[in-house]
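The values are calculated or read from the model by the stated rules, or taken from the named source; none is laboratory data. All values derive from a computational prediction rather than experimental measurement. So basically every Cβ, Gly included, is an ideal-geometry build from the backbone, and we count neighbours across all protein chains shown. The area values use the complete protein model at the heavy-atom level, side chains included, leaving out ligands, DNA and RNA. Shrake-Rupley method; radii C 1.70, N 1.55, O 1.52, S 1.80 Å.
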Amino acid sequence: MWLSELLGGRYDAWRQRLREWCYDAGEKHGKQRSEVVVVSCFAPLLRWIVTWWAQGEHRLALALDASTLSDRFTVLCISVVYRGCALPVAWCIVAAGEPGAWKPDWIALLNGLDGVIPAQWTVIVLADRGLYARWLYRAIQSLQWHPFLRINKGGKARPKGCDTYHWLATFVPVHG
């Protein structure tokens, strides 16, 4: 109703246009209808969210998540952690249960946000252990961001200057 009063036109026409907004171009009624390329909105969305930050606050947390909807699809999502909420700023949907790596999808999502956050800011990137991969860790570092990716406690690491790997539990032997 508000759009029809502000911009003119009938209420029903505006209602239909808004309903069709997310449809593919071929499924829309009328002439000169185009699709919304959602990926083109990711960087501007993050840029807009960054404007909310308090003056002088130059720290930002991003969260990576893969959420599966039954056996139909998986949503790979990058969100800004802001005031106790996760605000999705970049995502893609992949078919669930099909072979193939998510690496190209995560790389594209991360690279799509490159250069949006000012270089002098500290950006930490959080992810659950199911998403840990060396290539993801390095991709985050290549953006000058700081990866905080959970890992399995049963893993091993080789301290700098040491020839052998040690169980992670030996580095922090006491819980807490």
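Things to note:
- Only Cα pairs under 8 Å and 6+ residues apart enter the sum, and on that basis the relative contact order of the range 6-78 stands at 15 percent.
- Vicinal HN-Hα couplings computed from phi for the range 117-126 (Karplus, 6.51 cos²θ - 1.76 cosθ + 1.60; Hz; Gly/Pro x): 7, x, 4, 7, 7, 9, 10, 9, 10, 9
- The mean sequence distance of close C-alpha pairs (under 8 Å, at least 6 residues apart), as a share of the length of the chain, puts its relative contact order at 15 percent.
- Cys162 accessible area, 1.4 Å probe, all protein chains in place, Å² to nearest 10: 40
- With DNA, RNA and ligands ignored, accessible area of Leu69 (1.4 Å probe; Å², nearest 10): 80
- Assigned charges on the beta-carbon of Lys, Arg, Asp, Glu; the range 61-157 dipole about Cα centre (debye): 400
- Alpha-carbon centroid distance for the pair the range 108-138 / the range 55-102, whole angstrom: 11
- Of the residues Leu87, Leu60, the one with the largest accessible area comes first in the ranking Leu87, Leu60, computed with a 1.4 Å probe on protein heavy atoms.
- With all protein chains in place and ligands, DNA and RNA left out, the 1.4 Å accessible area ranks Lys28, Lys153 as Lys153, Lys28, largest first.
- Of the residues Thr51, Ala127, His29, the one whose Cα sits farthest toward the positive end of the charge dipole of the chain, with +1 on the Cβ of Lys and Arg and -1 on the Cβ of Asp and Glu, is Ala127.
- Using the Cβ-Cβ distance between Arg47 and Phe171 with R0 set to 45 Å, the FRET efficiency works out to roughly 0.70.
- Exposure check, 1.4 Å probe, all protein chains in place: Arg59 carries approximately 150 Å² of accessible surface.
- Pair Arg138, Arg59: separation of 7 Å Cα→Cβ label points (nm): 3.0
- The Cβ shell under 12 Å around Ala95 holds other residues with a net charge of -2, Lys and Arg each +1, Asp and Glu each -1.
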